[in-house]
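Right, one structure below, let's go through it.
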């Protein structure tokens, strides 16, 4: 038992979402598993932290190899309180997801799933975020288990570089294989749904669709891989410095 | 009037914070200014978006050169709704801040100030986030105006690369000059403040201190510049791909 790796699992859809139950199922015989996940949906929470209300945790389940807590905070709060207050040992790996909805391209910036992964990475813990290119909660997830298990086992057997984590996106049904990719250039084209409430006040719902910003159709992006029914893995770094722009910036008249 | 640049201003401390009033003051004779900022404090909101409650906006002020709206959403929501529903023209520049509290090193990931900047950058709008290394709301901000004006004018006169924005951090009082920097390697060492409520329930407040993770003391980081009383400018990119790790990842057994 003591030789098993320790895996911390969280997500942003909340502790009862089908995606996180699937992730627990994939690794439960492989590791000592701690689950510390939000008590409700936290979609689009990015790397946000909770500073205005207190954080509360609740132990929901405990067996020899699986301990589960819910938390009223964000995915990043879950990682912080897990590492600092809940886990008696340092995890060998953090897994986040499986998110219902893709986090490819620039969606990585809005993603609570990837917020948790980046938080673990800041704390030098190898970390992987998994997202599926579907919002359906009814989707049967058996088709992806072998692939995710392989990625997880490889991440336990190999070393990730300091400051690097993985953003894994999974096609909706058929999987042809796994591709290492770069983050596609794109944006969300917003279309606010404007409505009027029963009291005459105007309000908006944020909607939109993904818009490709690549110049040509490249074959090395996460978007391309997903569209071709491959799992995409983007190695993702926490150093945001644009080193290539430094030389130009040094030419600005800032003295 | 028509030849003046258009500047969109937002922040994460809320529309009435001293920092955003100072920023408006610095550029009001230079540009047509639109302010779309949160109606309350949004600290630590990162790039989060609002999907569970409707977004509402309120026009607070209008003159020929300055129009102000508050919004009940996050800093990123403010940018999205400004670009899509409020501004009749595309801004030449987005400014965010001045945040009360530094957003150097890994704090860039939690920062709502920088969330707004990254959102503008995703939309190909040049963008700068300003943060001051002090939480005091009583701090007189006159000492930084000349420097910030210089950075803003230079960013209007020079081109930023696609996908690159600026993260500017300002020392608390004296300013010796401006340095172009990289993001320092560091983390927040959490110290949860555990308390018991009047009903016997336990809760936590998130606290902590910044911990340096650099191997030696480098002189090219934002943390170093700030500590030496220099303004730090980190060119910041929205592509998170860790290109350097791709070769190693391609050696993992994922077939």
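The values are calculated or read from the model by the stated rules, or taken from the named source; none is laboratory data. The structure displayed is predicted, hence computed values, not measured ones. Positions of Cβ are generated from backbone atoms using ideal geometry, with glycine treated the same way; all protein chains shown enter the neighbour counts.
Considering (1) within 11 Å of another protein chain (Cβ to nearest Cβ); (2) over 30 Å from residue A:232 (Cα atoms); (3) under 21 Å from the mean Cα position of the chain (by Cα), the lone condition that residue B:210 does not fulfil carries the number (1).
Residue A:66 satisfies every condition listed in (1) crowded, with 24+ Cβ neighbours inside 10 Å; (2) away from chain B (no Cβ under 11 Å) except (1). Identify, please: which residue in the range B:187-212 is assigned to a loop (DSSP other than H, G, I, E, B) and out of contact with any helix residue (DSSP H, G or I) (no Cβ under 6 Å at 6 or more places or on another chain) and is, among those, surrounded by the most Cβ atoms within 10 Å (Cβ to Cβ)? Only one residue tops the list, namely B:206.
Against the definition (without any contact (Cβ under 8 Å) to a residue 24 or more places away in the chain and in contact with a helix residue (DSSP H, G or I) (Cβ under 8 Å, 6 or more places away or on another chain)), how does residue A:253 come out, yes or no? Outline the logic, then answer.
Values: without any contact (Cβ under 8 Å) to a residue 24 or more places away in the chain: yes; in contact with a helix residue (DSSP H, G or I) (Cβ under 8 Å, 6 or more places away or on another chain): yes.
Spelling it out, residue A:253 is indeed without any contact (Cβ under 8 Å) to a residue 24 or more places away in the chain and in contact with a helix residue (DSSP H, G or I) (Cβ under 8 Å, 6 or more places away or on another chain).
Condition (residue is farther than 17 Å from residue B:223 by Cβ and more than 15 Å from the chain's Cα centre (by Cα)) applied to the range B:125-132: is it met by at least one residue? No: the range B:125-132 contains no residue that is farther than 17 Å from residue B:223 by Cβ and more than 15 Å from the chain's Cα centre (by Cα). Of the strands (runs of 3 or more DSSP E) that lie entirely inside the range A:1-65, those containing 2 or more residues that are more than 18 Å from the chain's Cα centre (by Cα) span A:57-62. For first residues located in the range A:199-213 and touching a residue at least 40 places away in the same chain (Cβ under 8 Å), partners that are surrounded by fewer than 16 Cβ atoms within 10 Å (Cβ to Cβ) and lie 6+ apart or on another chain with Cβ distances below 9 Å form the pairs A:210/A:189. Could you count how many residues in the range A:1-28 are more than 14 Å from every other protein chain (Cβ to nearest Cβ) and within 17 Å of residue A:141 (Cβ to Cβ)? Residues meeting the conditions: 16.
Of all residues in the range A:52-63, at least one satisfies being at pLDDT below 95, surrounded by fewer than 16 Cβ atoms within 10 Å (Cβ to Cβ) and more than 16 Å from residue A:6 (Cβ to Cβ).
Scanning the range A:213-247 for residues that are within 11 Å of chain B (Cβ to nearest Cβ), in a helix (DSSP H, G or I) and surrounded by fewer than 16 Cβ atoms within 10 Å (Cβ to Cβ) yields A:243, A:244, A:247.
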